[in-house]
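The values are calculated or read from the model by the stated rules, or taken from the named source; none is laboratory data. Please read these numbers as outputs of a predicted model, since none were measured by experiment. So basically every Cβ, Gly included, is an ideal-geometry build from the backbone, and we count neighbours across all protein chains shown. Surface accessibility is based on the protein's heavy atoms, side chains included, excluding ligands, DNA and RNA. Shrake-Rupley method; radii C 1.70, N 1.55, O 1.52, S 1.80 Å.
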Amino acid sequence: MSETDVMVSPAELGFAIEDLFRLEALTAEVAMSLERVADVIRLIGGHVDDGSITLPRHFEVNSICARYGTTWSPESQ
């Protein structure tokens, strides 16, 4: 694992996604079900389809990254 890899539990990932995209509160069951990238895509995609998602701003992404001791560099993507 590199120094930029961050390990989080499925629930923690779910709640970070909830914060980033300003989603309605996720149930623990939904948050715990986020085990694969496809699960995250399905969660976010459903909200994109129904228009209920708000994309995070740069400072929000940086805040979440700082919480986990990492950084986000969109220019390098």
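Evaluated against (1) outside any loop (DSSP other than H, G, I, E, B); (2) open to solvent by 60 Å² or more (accessible area, probe 1.4 Å), ALA11 falls short on exactly one condition, (2). Taken over the stretch 32-63, residues that are part of a loop (DSSP other than H, G, I, E, B) and hydrophobic (A, V, I, L, M, F, W, C) amount to 3. Taking each residue of the stretch 33-58 that is β-branched (Val, Ile, Thr) and looking for partners that are open to solvent by 60 Å² or more (accessible area, probe 1.4 Å) with beta-carbon atoms closer than 7 Å, six or more apart or interchain, yields THR54/ARG22.
Residues of the stretch 33-55 include at least one that is surrounded by 15 or more Cβ atoms within 10 Å (Cβ to Cβ), more than 13 Å from the chain's Cα centre (by Cα) and closer than 22 Å to MET7 by Cα. The residues in the stretch 56-77 that are over 22 Å from MET7 (Cβ atoms) and surrounded by 14 or more Cβ atoms within 10 Å (Cβ to Cβ) can be counted, and the count is 0.
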